[in-house]
Structures are given as C-alpha cells and as structure tokens.
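> I'd like to ask some things about the structure below.
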2 protein chains.
Amino acid sequence: MASDGYPSHPRATGNRLKARTKYDYDTVHHLIDTTPILHVSFPPNGDDPFPATLPMLGCTGPDTFDAASEQARLSEPDHSAPGSFPTGDEKKTLPSLPDGPRCIYLHGHSASRLFQVSKGNKLPVTIAASSMQGIVLALTPFHNSCNYSSAIVHGYASLLDDEIERNYALTRITDNLLPERWDNSRVPPTKAELTTTGVIKVEIESASAKVRVGGPGDDRADLKNEELVGRVWTGVVPCWTQYGTPVPSSYNKVPTVPGYISSFVKEENDTGKAVSVDAIQKSSK
Amino acid sequence: MASDGYPSHPRATGNRLKARTKYDYDTVHHLIDTTPILHVSFPPNGDDPFPATLPMLGCTGPDTFDAASEQARLSEPDHSAPGSFPTGDEKKTLPSLPDGPRCIYLHGHSASRLFQVSKGNKLPVTIAASSMQGIVLALTPFHNSCNYSSAIVHGYASLLDDEIERNYALTRITDNLLPERWDNSRVPPTKAELTTTGVIKVEIESASAKVRVGGPGDDRADLKNEELVGRVWTGVVPCWTQYGTPVPSSYNKVPTVPGYISSFVKEENDTGKAVSVDAIQKSSK
C-alpha cells in the first residue's frame, strides 16, 4: 500500500485525463460512503459473457476489525440494557475510522445472487460509486461535460460469519445511510434477522477516483467567434441529491420528526448544494 | 424478443423479490435515459480477475438506425445552413423513439479504454443505471430499505463508424443531457471533433429493472410493541436530483439564462420531487 492512498495498478489507472485521477484514501472512501447506491460487478456464472452487476447498499469499514474494542463498546449500558435507548438526539454514532486503508461492507439479503456466489469463496468484485455535481455546457457539444466524482474499487468479497463483526457492519451501514439511526431504532437484531441478513466484506486490492470540476473549456476558434459567444449560453447547471420533507408511515406514532433526521435533511441539502457550486470554481487541471 | 419487453434470461432475473423485477421497455429505457451517469462493466484484460467498470454518459437509441430519414432531417434548412440556428426557445429536439426494443449509445473519448477494447470487436457489456427515491426507515434496521429504481442491461458493444449515425447519436446524447442543447450550440461538429469522439452502440441482449416503492414494513411483534412504536419514527425521507441556478462561464456573453435551460431546471426539480413523494404511496407488492 502507498503511504497515503491505494496502489496504482494498471486496472485502476485511467489511460487519459490523469490529472483527474486520484488514489488518496479520503477521496475514495468519501465517495463510497456518500453515494447511496453502489454498483457491484463480479464475473458471470459459467459461460455467460456478461459481468453481473447488482445495486447494493454499503460503506467503508476498518481494514482490520477489532473485536475486543467492539465488545467493550457493546457492553456500555446504553447499548445493551433493554429500555435504555437514547430517547432524544444524543450523538451515539460509531467512532469514525482512522486514516489509512479500509474494507467495504455490503449489505443484502442472504438469498441474493452475490451472497450465494461468495459463500466459501473470495470473489473478485468491482465496486463503482458515482455522483454528478453539474452539467457543463460549452459552445459546442464536443466540449460539453459533467462535473462528477466517481470511485472504482477492486477487491475480494467474502461472506462475514463472525456475529460481532456482522452486527458492527450493520451498525455502520445503517448509520452511514442515516447518522444515529441504529441507536434510535429497535436493536440489537434478533437471531432470525441476523441469519437472513448477509454482510459481505470486501478487502480492497486497488482503487481510484475520478473527479471532474470547473467550468467548460472551448477551442480558441470558437471563443473568437463573437456571433457564437453572443448566442450560446455557456456555464454549469449544478446538481446534487436533495432530501425532502420526511413522510411518516401509516403506523408512525411519533408526532414530530426527530432532530437527528431533520438535521440530516438540512445538512445534506446544504452540503450537496455547496459542493456542486464550489466545484464550478475549481480547476480541473 | 417478448412483445412488450426484454426477454427474461436467468442473468437478468432476480432470484428473489420477483414482484419488484420488471422487463418492460418503458421502465428500462426511462431509467437509462434519466440516470445521468451509467456504469458500464466489461470483462477484464488478460488474467486480471476484476471486471472493468467505467462511468459514462449515454442514452437509448433506435434498434435499427434509419440513415435515410436522418439525412432528410439534416437537409432541412434549420439544420444545415450556417447562421440559421434557432435563437429563441423553438423546440428542435429529435423525434422521440417508437415503442419497442432499442439500442444504447455511449459517449466517450476515443482514446479511453473501452473504446480501444471494442475496436473491431463486439464486446459483452453490462450497463447499470440506478437512482434513489427515498430512505425507508422501519422500527428495526433489518427492515430499513431504500426506494430506488435500477436497470441492468446486457448487450454487445461496438464502435460506431458510420458518420451519419455517429452525428445522430451525439445529437441524442446531448439532448438527453439537456433537451434542445444540440441546436442551441455550435453544430455540426468539425471533422477533428468527430474523429476524437468515440460513440459506442450497444445491442441489447437482455435487460431488467428493479423498482422498490412504498413505505416501511415491520414485523407484527415490533408493531405490537407500543413503547417501540411510540419512540421510533418510521416513514420515508424522499430524495431526488436537484438542479440549482445555472452559473455562467467566465466567457459567457448571453445575459440571461435561456428558456430551454431554465424550464429544464424547473421541470426536473418538480418531477424529481413528485416522483419520490408519489413512490411512497405506491405498493411494492
């Protein structure tokens, strides 16, 4: 492993636009953790020529799982005693992971295809996480582009069978989807729930990210064409994932949306907008 | 081909949640056309075990390209004569495609890896297009979910070399990103632009879509637990892609954002919000 990022294997190296390619841990991990739907591709069954691809939920986890400190965390009174759930908006999220390499946890039903395939095997998988920050509009379609961020991770997937790590991974995946949700719902899972939930751990072999920022760039000939520049609007339409007003279920009995949910909605929307607008001012070079 | 959708090959068949799996043309095509970033996976080079995955722009195209009618369209005065570009908000988009099977056009730089690999070959590719419509929050993490739509398409990719179809595909890809943009920019492309732009055509072999809608579903035991139901907020946080105020480039000279761009922003935001909120009221069964 490189000291500050994933190794630069040819499979993870773009053969053009090298300036846009990044290998640092932060960029790769941030993309995996903030992209709601990951696309997981793996070799096809038998003679089928097409790679299999599944949309999945997941997030990064520790490179090496520390069972002892997780057991210590679980034995704190707030986490074990029934009826001792936090009732307000206390911060109960898992400690954040240290810098350095990580694994990826993927979550799914244990009957799904990937979970069957990876039983007892280490399956090579490619995980893609992409998000768009804007439509880049140039004078000519040839120079149109998108501001986007995309991480591609290659690694070996195996089914987690250690119950403590499984519970830990599910906590992390849940709180990655919505911070503090784990402690604000009915936990721990029942035996039956744990049995039918598959958790896959992917050990990362190589990874890279591509990040396109900035405004459009046009050719000199077009830029000198005053009629053209006066007629065609150029710039960026920023975009991000917007979260709306939470809609209660038919059986919800909690009268107001809890603070940890409403602050998530506000913070995600503010951050998404700011990131997409800030990206326009940055330089792609 | 089935009369109203793609064939149900095992590779495209979920082995659970069959009720969520769809094969109809409309659902598959809509997802490909409305998901900004497609993930294209193909078999690795040589002995590398990991499928290659690239983020790409693309859209659906006709199953069979009709060169004659495209040539007729191009010979209309508005499209050929220099200086005859529409200056206002006239609707100049390509006619919409008929029902039935389609191909997928992918766009990229002709030096990129996929374009090298597919030169002279038909390369098996798997295209994934997913979008999230909401975070589904249940009483227990086990029943948390996402409202999402995901299309997975398998097909054979080849480089387009016919110049008329290439120009047509680029028109469709551009207008799919932002309706009417092709005619509102500097077209046709120069020879050099056409040479360095690769367009890949994917002939679809099989395809399917998964669509999860509705609110959370919890187990009877949890629903009967009044303390739990009174404490844990359940419901859906809807989400969609939000487009912000267009930001002009440093060399933009068009004083106001053209109508075709501002209506796109408004319509996408209204539709995105409505679709994610409507999805909550639907039943997944």
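> If only one of B:T190, B:T196 is modelled with pLDDT under 95, touching a Phe, Trp or Tyr at 6+ places or on another chain (Cβ under 9 Å), over 30 Å from A:F50 (Cα atoms) and open to solvent by 40 Å² or more (accessible area, probe 1.4 Å), which one is it?
When all the criteria are applied, what remains is B:T190.
> A follow-up question, please. Given the criteria under 30 Å from A:E226 (Cα atoms) and modelled with pLDDT under 95, does A:F142 qualify?
On the way: under 30 Å from A:E226 (Cα atoms): yes; modelled with pLDDT under 95: yes.
Here the answer is yes, as A:F142 does meet what is asked.
> Let me ask something else. Pick from the stretch A:156-182 the residues that are in a loop (DSSP other than H, G, I, E, B) and at the interface with chain B (Cβ under 10 Å from one of its Cβ atoms): which of them is surrounded by the fewest Cβ atoms within 10 Å (Cβ to Cβ)?
A:L178
> Scan the stretch A:249-285 for residues that are in contact (Cβ under 8 Å) with a residue 60 or more places away in the chain and either in a strand (DSSP E or B) or surrounded by 19 or more Cβ atoms within 10 Å (Cβ to Cβ) (or both) and report the count.
Matching residues across the stretch A:249-285 total 7.
> Still on this structure: Could you count how many residues in the stretch A:220-233 are surrounded by 17 or more Cβ atoms within 10 Å (Cβ to Cβ) and hydrophobic (A, V, I, L, M, F, W, C)?
4
> Take the residues of the stretch B:23-76 that are open to solvent by 20 Å² or more (accessible area, probe 1.4 Å), part of a loop (DSSP other than H, G, I, E, B) and within 20 Å of A:S149 (Cα to Cα): which is modelled with the lowest pLDDT?
If we take residues in the stretch B:23-76 being open to solvent by 20 Å² or more (accessible area, probe 1.4 Å), part of a loop (DSSP other than H, G, I, E, B) and within 20 Å of A:S149 (Cα to Cα), then B:P36 is modelled with the lowest pLDDT.
> Can I ask one more? Restricting the stretch A:34-54 to residues that are of a type in the set (G, A, S) and either facing chain B (nearest Cβ under 7 Å) or touching a strand residue (DSSP E or B) at 6+ places or on another chain (Cβ under 7 Å) (or both), which is farthest from B:I152 (Cα to Cα)? Can you show your working first?
Within the stretch A:34-54, the first condition is being of a type in the set (G, A, S), and the residues that meet it are A:41, A:46, A:52.
Going one step further and asking which of them are either facing chain B (nearest Cβ under 7 Å) or touching a strand residue (DSSP E or B) at 6+ places or on another chain (Cβ under 7 Å) (or both), we end up with A:41, A:52.
Values: A:S41: 11, A:A52: 9 Å.
Residue satisfying both the conditions and the ranking: A:S41.
> Going through the stretch A:133-155 one residue at a time, which ones are among the polar types (S, T, N, Q) and either surrounded by 22 or more Cβ atoms within 10 Å (Cβ to Cβ) or outside any strand (DSSP E or B) (or both)? Please lay out each step first, then the result.
First, pick out the residues of the stretch A:133-155 that are among the polar types (S, T, N, Q): A:133, A:140, A:144-145, A:147, A:149-150.
Answer for the stretch A:133-155, where residues must be among the polar types (S, T, N, Q) and either surrounded by 22 or more Cβ atoms within 10 Å (Cβ to Cβ) or outside any strand (DSSP E or B) (or both): A:Q133, A:T140, A:N144, A:N147, A:S149, A:S150.
> Give the residues of the stretch A:199-219 that are open to solvent by 20 Å² or more (accessible area, probe 1.4 Å) and more than 29 Å from B:P179 (Cβ to Cβ), sorted by residue number.
Selection gives A:K201, A:E203, A:E205.
> Of the residues that sit in the stretch B:239-248 and are touching a strand residue (DSSP E or B) at 6+ places or on another chain (Cβ under 7 Å) and polar (S, T, N, Q), which one is least open to solvent (accessible area, probe 1.4 Å)?
Filtering the stretch B:239-248 for residues that are touching a strand residue (DSSP E or B) at 6+ places or on another chain (Cβ under 7 Å) and polar (S, T, N, Q), the one least open to solvent (accessible area, probe 1.4 Å) comes out as B:Q242.
> Still on this structure, I have one more. Checking A:V236 against (1) among the β-branched types (V, I, T); (2) part of a helix (DSSP H, G or I); (3) open to solvent by less than 30 Å² (accessible area, probe 1.4 Å), only one condition comes out false. Which one?
(2)
> Within the stretch A:170-201, work out how many residues are over 27 Å from A:K253 (Cβ atoms) and either touching a helix residue (DSSP H, G or I) at 6+ places or on another chain (Cβ under 8 Å) or among the hydroxyl-bearing types (S, T, Y) (or both).
Number satisfying all stated conditions: 5.
> Considering only the stretch A:114-132, state which residues are over 15 Å from the mean Cα position of the chain (by Cα), under 28 Å from A:P10 (Cα atoms) and open to solvent by 10 Å² or more (accessible area, probe 1.4 Å).
A:V117, A:N121, A:K122, A:L123, A:P124
> Considering only the stretch B:189-248, state which residues are among the basic types (K, R) and either in contact (Cβ under 8 Å) with a residue 40 or more places away in the chain or more than 7 Å from chain A (Cβ to nearest Cβ) (or both).
Correct list: B:K191, B:K201, B:K210, B:R212, B:R220, B:K224.
> List the pairs whose first member sits in the stretch A:133-159 and is more than 21 Å from A:S276 (Cβ to Cβ), whose second member is acidic (D, E) and part of a strand (DSSP E or B), and whose Cβ atoms are under 6 Å apart, counting only residues at least 6 apart or on separate chains?
That search, which allows pairs on different chains as well, returns A:H154/A:E205; A:G155/A:E203; A:G155/A:E205; A:Y156/A:E203.
> Next up: If I go through the stretch A:266-284 residue by residue, how many of them are over 17 Å from B:P246 (Cα atoms) and in contact with a Gly (Cβ under 8 Å, 6 or more places away or on another chain)?
2
The values are calculated or read from the model by the stated rules, or taken from the named source; none is laboratory data. This is a predicted model, so every value here is computed, not measured. A quick note on method: Cβ atoms are made from the backbone with ideal geometry, for glycine too, and the neighbour counts reach across all protein chains shown. Protein only, heavy atoms only, side chains kept; ligands, DNA and RNA dropped before computing areas. Shrake-Rupley method; radii C 1.70, N 1.55, O 1.52, S 1.80 Å.
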